[in-house]
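Have a look at the structure below, then the notes.
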Amino acid sequence: MTTQIKHYIDGEFTTGSGDRLITVTNPANNLPIAEIKCATDEEVLGAIASAKSAFQTWKETPVSERARVMLRYQHLLKEHHDELATILAKETGKTFEDAKGDVWRGIEVAEHACSIASLLMGETVENVARKIDTYSYTQPLGVCAGITPFNFPAMIPLWMFPLAIACGNTFVLKPSEQDPMTPLRLAELFEQAGAAKGVLQLVHGDKSAVDILLTHEDIKAISFVGSVGVGQYVYKTGTDHLKRVQAFAGAKNHSVIMPDANKEQVLNNLVGASVGAAGQRCMAISVAVFVGEAKEWIPELKERLAKVRPGLWDDAEAGYGPLISPQAKERVLSLIAKGKEEGAECLLDGSEFTLEGYESGNWVGPTMFTKVTPEMTIYKEEIFGPVLCCVESDSLEDAIELVNASPYGNGTSIFTASGAAARKYQHEIEVGQVGINVPIPVPLPFFSFTGWKGSFYGDQHAYGKQAVRFFTETKTITARWFEDDIPSGPNMTIALK
Ligand code: NAD
C-alpha cells in the first residue's frame, strides 16, 4: 500500500485530479512508498489564484499576529522533530541523526522568522530639509514561489516560506518530486499553527508546474535551489518574465589542509564533510587540497573513510544511507569509472558496495581518489556522491589560485593553526562561505546563505536580512507638515526647500 501524496491548495489537502503519476520510492530498495498525481495546470493556477486572494488580507494582518503564527509553528516543528526526521529519513535514506539535523537547520530559520517585526523595521531621518522628514517601510511583494531540491526536503523549504510569509507575502511551494512527504508534513503543521487559508500552497509535480510559476504574472518572486542547469533555466526564465529570482545551484567545495593543522581534527572533519549524507550536500567537501607535508595524512584519511559503513536510516551505526535514485547511482558510478579512465588513482573504491538484503538499493561505498588534476572530469563536475578527490599543492598561494579558478563558489574551508594563513585565505578566496577549522560553514539564519559565482544566480541570498530584502519592497516617504509657514510661489528646482 502506497501513500497518496496530497497537494495543499486553497486551504484543502487534496490528492488532485492529475493523470500524470510519479512514484516515490524507498532509496534503500527502490520499492514504491508513495504516489504523486502531478498537479494539473488548472490546479497550479488555482493555487496561484488562491494565494493572490489570500494576500489581500494577509498583508493587512498585523506583524505581531504574523509573528505569533511563526512562534506556534517553530514550537510545533520542535514537538514533531522526531516524527519529521523519521518521514524524511524513510524517503531520502538519510540516517535518523542526519535527518534530524536537516529538520533542525530548518527550524532555526522558522525561529528567526519570529522576530519579523524588528527585521522589517525601516529607516528614519528627521529634518532632511527644513521641517521635512524621510522614513521608509518595507512592504510585501505579493505571491512568491519556491522550487526545492531533494537533498534537504525540510531545511530548504523552511529557508523559504516562513520568512516570505512572515514578511506578509503568500507562497506557493513546489518541492522535489523525489521526496514530497516531508514538505507535505511541514504544510500540515503550518496549517495547525494557525496560518490563514491560502497563505501557503503546496503543489507537487515537475517541470510543467515549475514553468507555470516562472511565467505567471501574479508570481512576484521565485526562490530556487537545485542543480546548475535547472538553476540557470529558472533564473533566465523568471527574470525574462520580470520577476525577482534567487537561484542557488550546484557546487564543488574545496577544503585546504595546511601542514600545521590539527591532524585529528582534519581527518575526522574530512570524513564527515565528504561522505556524510552520501555526499548529497551542496556544501559537502568534494575536493581536499593537501598543502606540502599535509599530503602525508592521505593514507590515514583513506583508512578512516574505509571504516564508514553505509546503512539503513534506522541503523545507529550507519555512516550514511543510499543515494536518492538509481539514476543518481548510475551517474556517480560512471563518474568514478571516468576518474579511473582519466588517470586518477582510486585509493578507495565504493562502486561495488551493496547492503546485504537491500541489493536493489542505490548504494555506493566511500570512494577516494588521489592524483586528481583540474582537467579531469571528476574534478570539474559536481559528483553529488560519497566521493572525495584529493589534490596536492606546494603552497597556500597555489591552493588559493586553484580554488579561485573553480567556476563554483558555494563553500570552502581551511584547516590551519596559523591566523595569518587563515586571514589570507578568508580575504583572497573567491567563495561566498568560508570555514576556518570548520568544514561545512553553513551560516545560522541571522546571517544569510551566501554562495557565489556559478553556485548562485541573483543578488539577495537565502534567509537572514538578505531574504527579508528579497521578499519585500522598500517604500520611502518624504513628508512635510505645514504650520503657518506655507511657502509663497512655486519651487522650480528639485531641491527640497
Ligand atoms: P534539480 O535541479 O534536479 O531539481 C530541483 C527542483 O527543480 C525540483 O523541484 C525539480 O522538480 C525541479 N526541476 C527539475 N528539472 C527541471 C526542469 N527541467 N525545469 C524546471 N524545473 C525542474 O536538483 P536536485 O537533484 O533535486 O538537487 C540536487 C542539486 O541541488 C545539486 O546540484 C546541489 O548542489 C543543489 N543544491 C544546491 C544548494 C545551494 O544552496 N547552492 C542547496 C541544496 C542543493
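The values are calculated or read from the model by the stated rules, or taken from the named source; none is laboratory data. Keep in mind that what you see is a predicted model, and the values were worked out from it rather than measured. Methodologically, a virtual Cβ is constructed for each residue, glycine included, from the backbone with ideal geometry; neighbour enumeration extends over all protein chains shown. The protein model used for the area step is the full one, side chains on, heavy atoms only, and it has no ligands, DNA or RNA in it. Shrake-Rupley method; radii C 1.70, N 1.55, O 1.52, S 1.80 Å.
Normalised by the number of residues in the chain, what is the relative contact order in percent for Cα pairs under 8 Å and 6+ residues apart? Show your work: numbers first, answer last.
Details: 1146 pairs, mean separation 86.5, N = 497.
The value is 17 percent.
Considering every pair of different Cα atoms, what Kirkwood radius, in Å, is found for segment 154-279?
On the way: mean 1/r = 0.0589 Å⁻¹.
When all Cα pairs of segment 154-279 are included, the Kirkwood radius is 17.0 Å.
Taking the convex hull of the Cα atoms, report for segment 342-497 its projected area averaged over all directions, in nm².
18.5 nm²
Largest first and in whole Å, give the semi-axes of segment 59-118's equivalent ellipsoid, each being the square root of 5 times a Cα gyration tensor eigenvalue. Please list the in-between numbers first.
Values: eigenvalues 155, 19, 14 Å².
Three semi-axes, in Å: 28, 10, 8.
How compact is the chain by the rule of thumb for globular proteins, expressed as Cα Rg over 2.2 N^0.38 Å?
Values: Rg = 24.6 Å, N = 497, 2.2 N^0.38 = 23.3 Å.
Normalised by 2.2 N^0.38 Å, the Cα Rg of the chain equals 1.06.
Please name which of A288, I400, P374 has its Cα lying farthest along the dipole of the chain towards the positive end, using unit charges on Cβ (Lys, Arg +1; Asp, Glu -1) and the Cα centre as origin.
I400
Placing +1 at every Lys and Arg Cβ and -1 at every Asp and Glu Cβ, with all other atoms neutral, what dipole size does segment 223-302 have around its Cα centre, in debye to the nearest 20? Don't skip to the answer; put the middle values down first.
Numbers: 8 positive and 6 negative charges, 101 e Å.
Its charge dipole is roughly 480 debye.
With bins 10 Å wide starting at 0, give me the P(r) of segment 162-226 over every alpha carbon pair, in whole percents.
Whole-percent P(r) values from 0 Å outward: 18, 54, 28, 1.
Let's see if you can work this out: charge +1 on each Lys and Arg Cβ, -1 on each Asp and Glu Cβ, no other charges. What is the dipole magnitude of the chain about its Cα centre, in debye to the nearest 20? It would help to have the intermediate numbers written out before the result.
Values: 45 positive and 62 negative charges, 209 e Å.
Dipole about the Cα centre, nearest 20: 1000 debye.
Taking every Cα atom in segment 1-95, find the radius of gyration and the maximum pairwise distance Dmax, and write them in Å.
Cα-based Rg and Dmax for segment 1-95 come out at 17.1, 49 Å.
In whole angstrom, note down how far apart the Cα centers of segment 1-79 and segment 344-370 are.
Here the two parts' Cα centres lie 36 Å apart.
Given 37 °C and 0.692 mPa s, compute D for segment 241-365 with the Stokes-Einstein relation, Rh being the Kirkwood radius over Cα pairs; round to the nearest whole µm²/s. Numbers along the way, then the final one.
On the way: Rh = 16.2 Å.
It comes out at roughly 202 µm²/s.
Just going by the charge dipole of segment 2-138, with Lys and Arg at +1 and Asp and Glu at -1 on Cβ, which of T95, A117, G106 is farthest out on the positive end?
Checking the options against the dipole of segment 2-138, the answer is A117.
May I ask you to evaluate 6.51 cos²θ - 1.76 cosθ + 1.60, the Karplus curve with θ = phi - 60°, for each residue of segment 213-223 and list the ³J(HN,Hα) values in order in whole Hz, giving x for glycine and proline?
4, 5, 10, 6, 5, 7, 8, 9, 8, 10, 10
Two decimals, Cα atoms only, Kirkwood Rh: what is Rg/Rh over segment 267-321? Spell out each step's value before the answer.
Numbers: Rg = 12.3 Å, Rh = 12.1 Å.
Ratio value, two decimals: 1.02.
To the nearest 20 Debye, how big is the dipole of segment 443-497 about its Cα centre, given +1 on the beta carbon of each Lys and Arg and -1 on that of each Asp and Glu?
360 debye
Can you give me the long-range amide H partners of T15? Hydrogens built in the peptide plane at 1.01 Å from N, cutoff under 5 Å, separation of 5 or more residues or another chain.
Here the answer is H7, since their amide H atoms fall under 5 Å of that of T15.
Around G409, which amide H atoms from residues at least 5 apart in sequence, or from another chain, sit under 5 Å from its own amide H, with H modelled in the peptide plane?
Counting only residues 5 or more places away or on other chains, the set is K252, W452, G454, S455.
For the peptides 156-164, 446-454, 324-332, 116-124, what is the packing order when you average, over each peptide's residues, the other Cβ atoms within 10 Å and list the highest mean first? Don't skip to the end; give the middle numbers.
Working: 156-164: 29.1, 446-454: 19.6, 324-332: 17.6, 116-124: 14.7.
So the order, starting with the most tightly packed, is 156-164, 446-454, 324-332, 116-124.
Could you grab the Rg to Rh ratio for segment 25-170? Cα atoms only, Kirkwood for Rh. Could the numbers behind the result be given before it?
Numbers: Rg = 19.5 Å, Rh = 17.8 Å.
Using Cα coordinates only, the ratio equals 1.10.
If you count only protein heavy atoms and use a 1.4 Å probe, how large is the accessible surface of K295, to the nearest 10 Å²?
Counting only protein heavy atoms, the figure is 80 Å².
Enumerate the aspartates and glutamates that K295 could reach by cross-link, defined here as Cα to Cα under 16 Å, with residues fewer than 8 away along the same chain left out.
Excluding near neighbours in sequence, the set is D260, E264, E303, E345, E392, D394, D398.
For segment 193-257, build the convex hull from the C-alpha positions and give me its volume per residue in Å³.
Output value, Cα hull per residue: 144 Å³.
May I ask you to give the percent of accessible area on segment 239-351 that is carbon plus sulfur, with a probe radius of 1.4 Å?
Numbers: 2190 of 4480 Å².
It is 49 percent, rounded to a whole number.
In whole percent, how big is the carbon plus sulfur part of the accessible area of segment 127-177, probe 1.4 Å, protein atoms only? Provide the component values of the computation, followed by the final result.
Working: 560 of 1170 Å².
Of the solvent-accessible surface of segment 127-177, carbon and sulfur hold 48 percent.
Taking a probe of 1.4 Å, how large is the accessible area per residue of segment 65-197, in Å²? Mind showing how you got there, number by number?
Working: 4570 Å² over 133 residues.
I get 34 Å² per residue for this part.
Can you work out ³J(HN,Hα) from phi for every residue in segment 182-199, in order, using Karplus 6.51 cos²θ - 1.76 cosθ + 1.60 and θ = phi - 60°, giving whole Hz and x for Gly and Pro?
So the J values, rounded to whole Hz, are 5, x, 4, 5, 4, 5, 4, 5, 5, 4, 4, 6, x, 5, 5, 4, x, 5.
Here is the link list: K37/K100; K94/K220; K338/K453; K37/K453; K131/K243. Which ones come out longer than 31 Å on Cα distance? Kindly include the intermediate steps, with their values, before the conclusion.
Values: K37/K100 28 Å; K94/K220 34 Å; K338/K453 26 Å; K37/K453 36 Å; K131/K243 38 Å.
Long pairs (Cα-Cα over 31 Å): K94/K220; K37/K453; K131/K243.
With Kirkwood's inverse mean 1/r over C-alpha pairs for Rh, give me the Rg to Rh ratio of segment 133-181, two decimals please.
1.16
Could you check how much of the accessible area of segment 370-436 is carbon and sulfur, as a whole percent, using a 1.4 Å probe?
Here carbon and sulfur together make up 49 percent of the probe-accessible area.
What ranking of F152, F190 comes out by heavy-atom accessible area, probe 1.4 Å, highest first? All intermediate terms of the calculation are to be shown ahead of the outcome.
Values: F152 25, F190 0 Å².
Putting F152, F190 in descending order of accessible area: F152, F190.
Hey, can you find the accessible area per residue of segment 348-404 for me, probe 1.4 Å, expressed in square angstrom? Present the calculation step by step, with values, prior to reporting the outcome.
Details: 2350 Å² over 57 residues.
Computed with neighbouring chains in place, this is 41 Å² per residue.
Step through the residues of segment 109-125 one at a time and calculate ³J(HN,Hα) from phi using the Karplus curve (6.51 cos²θ - 1.76 cosθ + 1.60, θ = phi - 60°), rounding each to whole Hz and writing x for Gly and Pro.
In residue order, the calculated couplings are 6, 4, 4, 5, 5, 5, 9, 4, 4, 6, 5, 8, 4, x, 10, 9, 9 Hz.
Taking segment 415-490 as the region of interest, what is the percent of Cα-Cα pairs per 5 angstrom bin, listed from the shortest bin to the one with the maximum distance?
Bins of 5 Å from zero give 3, 12, 14, 15, 12, 9, 6, 5, 5, 5, 5, 5, 3, 1, 0 percent of pairs.
Between D485 and D206, what FRET efficiency comes out of the Förster formula 1/(1 + (r/R0)^6) with R0 = 45 Å and r the beta carbon distance, rounded to 0.05? Kindly include the intermediate steps, with their values, before the conclusion.
Details: r = 64 Å, r/R0 = 1.43.
Plugging the Cβ-Cβ distance into 1/(1 + (r/R0)^6) gives 0.10.
Take every Cα pair under 8 Å in segment 352-497 that's 6+ residues apart, average their separations, divide by the length, and report that relative contact order as a whole percent. Working shown, then result.
Details: 164 pairs, mean separation 20.6, N = 146.
Computed over segment 352-497, the figure is 14 percent.
Would you pull out the residues with amide H under 5 Å of V256's amide H, same chain only if 5 or more places away, H placed 1.01 Å from N?
Excluding prolines and chain starts, which carry no amide H, the hits are V289, S413, I414, F415.
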